[in-house]
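Reviewing the structure listed below.
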Amino acid sequence: MTMVMALWLGALLALASAPAQARSVLDLDTRAQPVALRDWGDYWIDPTGQFSAEQVANAADLAWAPTRADAIYPVTSGNALWVRFTVPPAPDAERWYLEVPYPSIDRASLYTLDRAGRWNEQRAGDLMAVSQWPVPHRHPLLPIDLSAEVPTRYLLRLENGHAESAPLRFISEGRLSYTEQRVSLILGIFFGLTGLAALVSAVGAVSLRDSAYGCYALYVTLFSLTQATVTGIGGLHLWPDWPRWNDLSTSVLPVLTGAASLLFISAAVSLPERSRRLHWLMLALALLGGLVAAALTQVPAAHRTTLFVPVLLLMQLTGLLMMAWAWRHGDRFAPWLMLAYLPVLASADWTLARHADLVPLDFLTLHGMQLSAALHLPIVMVVLMLRSQQRRENIRRIQGLGRVDPATGLINGHVFAERLLRMIARSGRLQHHSAVLLIDLVNCDQIQRDFGRKAADDLPLHVAERLLSTAREIDSAARLSERRFGMLVEGPFSAEDAATLGPRIVARCLMPYKRLHVDCVAQVRVAYAVVPLQGANAQGVLSQLEARLAAAPVDSKRAVFTLDDAPPRPFLRRTRPFKTA
């Protein structure tokens, strides 16, 4: 996946590194493509939008001005931008096109003067179904007729709901095929990544029952559709016969994507559990986004930008503030989400600046979001994976609180008694001996006096660690109280092995601990019984062991106690009851 992203970034940068060369004379040179119009044409803005090609061509008092590279022409609904240019005689061996590389333009009409003196129109743009364009494409692509003998005059009419800044350029059919192959590679990788992310998120939402995955699947789907609209893929392949939606989608889909992003951020940082009020605020903003998206379908094109740009900026700011708030309140994944969203927000703001007529149409406004997605998608998917793993661990830990001691991870007294009952029944059925041990930690007060309270608090954890390292997989270790532990040692084993159980545990606990003082060790007392020989009743055996430990003198040097000094009968089968150290 990393190699694919690297190839994708390389292709995007290669596409950006081929700017058109500045020319003062239009020369359709096949070696320097695409050929920009730059200052070879003249433009005039029709404030009424009613002039025809014949009227524009014949009027002598129009205020024509030279076209400029990277110019922003202040047109809006009801206006029309007219551009006139003349193509000098050029070889007609290859077909050439006038390219308007802005998929969201409302109308682009190219008028050609024929030999009869009539202006013939070729029309493309959002207000016309892509399937009916002269050349169905991601953006308007209008064929031009070349003559090897005489110059050819053209008029171009552009209409848009906001300022027009798309560079006008000429490209040959051969170069167009090469460029489209490269762009198709870029877009194919992008939509493949987003499609994979949406599918994985949807599967995660169902299998893990995690709302964050579901919200992210919705967000990535809307994000992909937004980019399909911005790049022209949607109009070309998804809705080629829906000009109305092709025009609205550039405003509606970004707002819906922002609303879905708020829902995802709220779920990803566990906002419902951290603050119900902030969660409801995020839901209210997401609902506002949905209402604004619905309102945009009824608003004229000239006023859509003034409506959805402030709403998108509000959503972006709110999302960042919520992630920062969650970070301050202990969410370990919030800073990574902020890092993932920074390139997306930067690209989105650059695109919004284009809609606000602050910057001209350029490479970043067309492909900046795809570049940012190469960084955004992997980070968010890793964050979701780690978050779901932590969530499952927390659920397992919560579900196990009734059976496991949360501090040490050992089973508790209730589970210990159940397992002791089953072990006694199993030993009687198989006719072998097993052992039950109670271990008391007796020097916590001394450790606290000599080494501090923290050392005393950590001492039971060290004892639990030593018991786990001593027990086999078939044995059980439990924490029965703050300073009392228990062990169940499965048989069969001999009388000699049973007698070594207690001393072995005492010796293991007296071994020094890493990074602690050599005298900071656990002193324990062990009482054990062999079952079912010394008792077949689980509760009775535990009561006798507790009484045996309670009866031991406080100043006794003895560490191991048994219920009966008589050794158990040996059986023929023997196994070692502990792992060797």
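The values are calculated or read from the model by the stated rules, or taken from the named source; none is laboratory data. What you see is a predicted model, and the numbers here were worked out from it, not measured in a lab. Using ideal geometry, Cβ is built from the backbone for each residue, glycine included, and neighbour counts are taken over all protein chains shown. When the accessible area is computed, the model is the full protein with side chains, heavy atoms only, and any ligands, DNA or RNA have been set aside. Shrake-Rupley method; radii C 1.70, N 1.55, O 1.52, S 1.80 Å.
In table form, for the structure just shown:
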quantity	calculated
Those residues of region 180-191 which are open to solvent by less than 40 Å² (accessible area, probe 1.4 Å) and without any contact (Cβ under 8 Å) to a residue 24 or more places away in the chain, in sequence order	Glu180
Residue in region 530-538 that is under 20 Å from Ala455 (Cβ atoms) and not hydrophobic (A, V, I, L, M, F, W, C) present	no
Options Ser270, Ser372, Ser275, Ser347: the member that is at pLDDT below 95 and at positive phi	Ser270
From Gln50, Gln33, residue being in a loop (DSSP other than H, G, I, E, B) and touching a helix residue (DSSP H, G or I) at 6+ places or on another chain (Cβ under 7 Å)	Gln33
Residue match in region 199-221 (condition: in contact (Cβ under 8 Å) with a residue 12 or more places away in the chain, open to solvent by 40 Å² or more (accessible area, probe 1.4 Å) and within 19 Å of Thr365 (Cα to Cα))	no
Evaluation of Leu468 against (1) farther than 20 Å from Asp405 by Cβ; (2) among the aliphatic types (A, V, I, L, M); (3) in contact with a strand residue (DSSP E or B) (Cβ under 8 Å, 6 or more places away or on another chain); (4) surrounded by fewer than 18 Cβ atoms within 10 Å (Cβ to Cβ) (one fails), failing number	(1)
Scan of region 401-430 for residues that are among the charged types (D, E, K, R) and either surrounded by 14 or more Cβ atoms within 10 Å (Cβ to Cβ) or modelled with pLDDT of 85 or more (or both), ordered by number	Asp405, Glu418, Arg419, Arg422, Arg426, Arg429
Subset of region 446-478 (residues that are within 17 Å of Arg504 (Cα to Cα) and of a type outside the set (Asp, Glu))	His462, Val463, Ala464, Arg466, Leu467, Leu468, Ser469, Thr470, Ala471, Arg472, Ser476, Ala477
Of the criteria (1) without any contact (Cβ under 8 Å) to a residue 12 or more places away in the chain; (2) more than 30 Å from Gly402 (Cβ to Cβ), which one Asp458 fails	(2)
Residues of region 374-400 satisfying the condition of being closer than 25 Å to Leu222 by Cβ, open to solvent by 80 Å² or more (accessible area, probe 1.4 Å) and of a type in the set (A, V, I, L, M)	Leu375, Met385
Filter result for the condition that a residue is under 45 Å from the mean Cα position of the chain (by Cα) and open to solvent by 20 Å² or more (accessible area, probe 1.4 Å), over Glu490, Glu482	Glu482
Neighbours by Cβ (under 6 Å, 6+ apart or cross-chain): first from region 80-102, within 18 Å of Ala148 (Cβ to Cβ) and part of a loop (DSSP other than H, G, I, E, B); second open to solvent by less than 10 Å² (accessible area, probe 1.4 Å) and modelled with pLDDT of 85 or more	Glu94/Ser172
Identity of the residue in region 71-90, among the aliphatic types (A, V, I, L, M) and within 24 Å of Asn120 (Cβ to Cβ), that ends up surrounded by the most Cβ atoms within 10 Å (Cβ to Cβ)	Val75
Qualifying positions in region 523-546 - closer than 13 Å to Leu437 by Cα, without any contact (Cβ under 8 Å) to a residue 24 or more places away in the chain and small (Gly, Ala, Ser)	Ser543
Filter result for Val526 (at pLDDT 90 or above and assigned to a helix (DSSP H, G or I))	no
Residue count for region 121-133, restricted to those that are open to solvent by less than 40 Å² (accessible area, probe 1.4 Å) and in contact with a helix residue (DSSP H, G or I) (Cβ under 6 Å, 6 or more places away or on another chain)	3
Qualifying position, being open to solvent by 40 Å² or more (accessible area, probe 1.4 Å), in contact with a Leu (Cβ under 8 Å, 6 or more places away or on another chain) and not in a strand (DSSP E or B), among Arg515, Arg548	Arg548
Of residues in region 431-455 being small (Gly, Ala, Ser) and either surrounded by fewer than 19 Cβ atoms within 10 Å (Cβ to Cβ) or at pLDDT below 90 (or both), the one farthest from Gly535 (Cα to Cα)	Gly452
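A quick yes/no check of all residues on (1) modelled with pLDDT of 75 or more; (2) assigned to a strand (DSSP E or B); (3) exposed (fewer than 12 other Cβ atoms within 10 Å of the Cβ):
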residue	(1), (2), (3)
Leu7	no, no, no
Ala11	no, no, no
Leu28	yes, no, no
Ala57	yes, no, no
Ala60	yes, no, yes
Ala69	yes, no, no
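Residue by residue, here is whether (1) open to solvent by less than 10 Å² (accessible area, probe 1.4 Å); (2) small (Gly, Ala, Ser); (3) free of Cβ contacts under 8 Å to residues at least 24 places away in the same chain holds:
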position: Asp114; (1), (2), (3): no, no, yes
position: Trp119; (1), (2), (3): no, no, no
position: Leu141; (1), (2), (3): yes, no, no
position: Ser147; (1), (2), (3): no, yes, no
position: Val150; (1), (2), (3): no, no, no
position: Arg153; (1), (2), (3): no, no, no
position: Leu158; (1), (2), (3): yes, no, no
position: Leu168; (1), (2), (3): no, no, no
